[in-house]
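Provided herewith is a single structure, encoded as structure tokens, for subsequent inquiry.
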Amino acid sequence: QRHLTDLETAADRGFYFDCKAASRVLNFAKRIQHTTGPMGGKPLALEPWQAFRHGSVFGWKRTEDGLRRFRATYHQVAKKNGKTTDAAGPMLFTSLFDGEAAPQGYCTATTRDQAGLLFGELRRMVKASPALSQLLNTANKHEITSGHTGGLIKCLSRDGNSADGINPHFVARDEVHRWTDRELAEVVVNWMIARA
């Protein structure tokens, strides 16, 4: 309902909906393949609720500068509803096509193993796509890099490497309900202040 109301009234508050920007991220998602289970090798097909969420996040802009209206989202669904796969599209998209110089993307969780679930899925998706393989390098098992944008994607966890000195452009925080404190979340968000 907020979306429908905003389509009529948001201009008065300095926002507009950019259909091209929303379509860009949705069309990009169609070029990604599932890599595990019975769907392995098939194109990613977003469910309507996923398309609405991604379209809303990437489509709503601020009139004053054209930057995204929403800087953060929270999404909670039951197990086996593709949360990890769902986060992969925006992570890869923002690493390549967001117009940000040297974008840093981070897969975060309380444990290295949990953070590695999304990162491993990203690596498999890149390897499965000839187009993505030309833009992203997966040779280093600890990071995915882009010569095209100078960006990288890595894992961060509460029990692992330090978040000091990072400059994140996109962060996927996995299994937030299991986070026992807010230290990593606050560090990551505070470091994002340097990004538009």
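The values are calculated or read from the model by the stated rules, or taken from the named source; none is laboratory data. Just so we're clear, the structure is a prediction, and the values are computed from it rather than from any experiment. Cβ atoms come from the backbone with ideal geometry, glycine included; neighbour counts cover every protein chain shown. For the accessible areas, the whole protein counts, side chains as well, though only heavy atoms, and no ligand, DNA or RNA atoms are used. Shrake-Rupley method; radii C 1.70, N 1.55, O 1.52, S 1.80 Å.
Looking at L122, L136, L132, L117, which one is aliphatic (A, V, I, L, M), touching a helix residue (DSSP H, G or I) at 6+ places or on another chain (Cβ under 6 Å) and open to solvent by 70 Å² or more (accessible area, probe 1.4 Å)? Before you say what the answer is, go through the steps one by one.
Values: L122 fails: open to solvent by 70 Å² or more (accessible area, probe 1.4 Å); L136 fails: open to solvent by 70 Å² or more (accessible area, probe 1.4 Å); L132 fails: open to solvent by 70 Å² or more (accessible area, probe 1.4 Å).
Within the list L122, L136, L132, L117, the selection yields L117.
What number of residues within the stretch 1-16 satisfy the criterion of being open to solvent by 60 Å² or more (accessible area, probe 1.4 Å) and touching a residue at least 12 places away in the same chain (Cβ under 8 Å)?
Total meeting the criteria: 2.
Please work out which residue is farthest from L4 (Cα to Cα), limiting yourself to the stretch 31-64 and to residues that are of a type in the set (A, V, I, L, M, F, W, C) and open to solvent by less than 60 Å² (accessible area, probe 1.4 Å). Steps first, please.
Narrowing the stretch 31-64 to residues of a type in the set (A, V, I, L, M, F, W, C): 32, 39, 44-46, 49, 51-52, 57-58, 60.
After this cut, where a residue has to be open to solvent by less than 60 Å² (accessible area, probe 1.4 Å) as well, the list is 32, 44, 46, 51, 57-58, 60.
Working: I32: 29, L44: 27, L46: 21, A51: 15, V57: 14, F58: 16, W60: 12 Å.
So the residue we want is I32.
For the stretch 98-112, which residues satisfy the criterion of being open to solvent by 10 Å² or more (accessible area, probe 1.4 Å) and in contact (Cβ under 8 Å) with a residue 12 or more places away in the chain?
Correct list: D98, E100, A101, A102, Q104, Y106, T110, T111, R112.
Could you tell me whether any residue of the stretch 118-135 is modelled with pLDDT of 85 or more and within 18 Å of T73 (Cα to Cα)?
Here is the first cut: in the stretch 118-135, the residues modelled with pLDDT of 85 or more are 118-135.
Those left that are additionally within 18 Å of T73 (Cα to Cα): 118.
The answer is yes; a qualifying residue exists.
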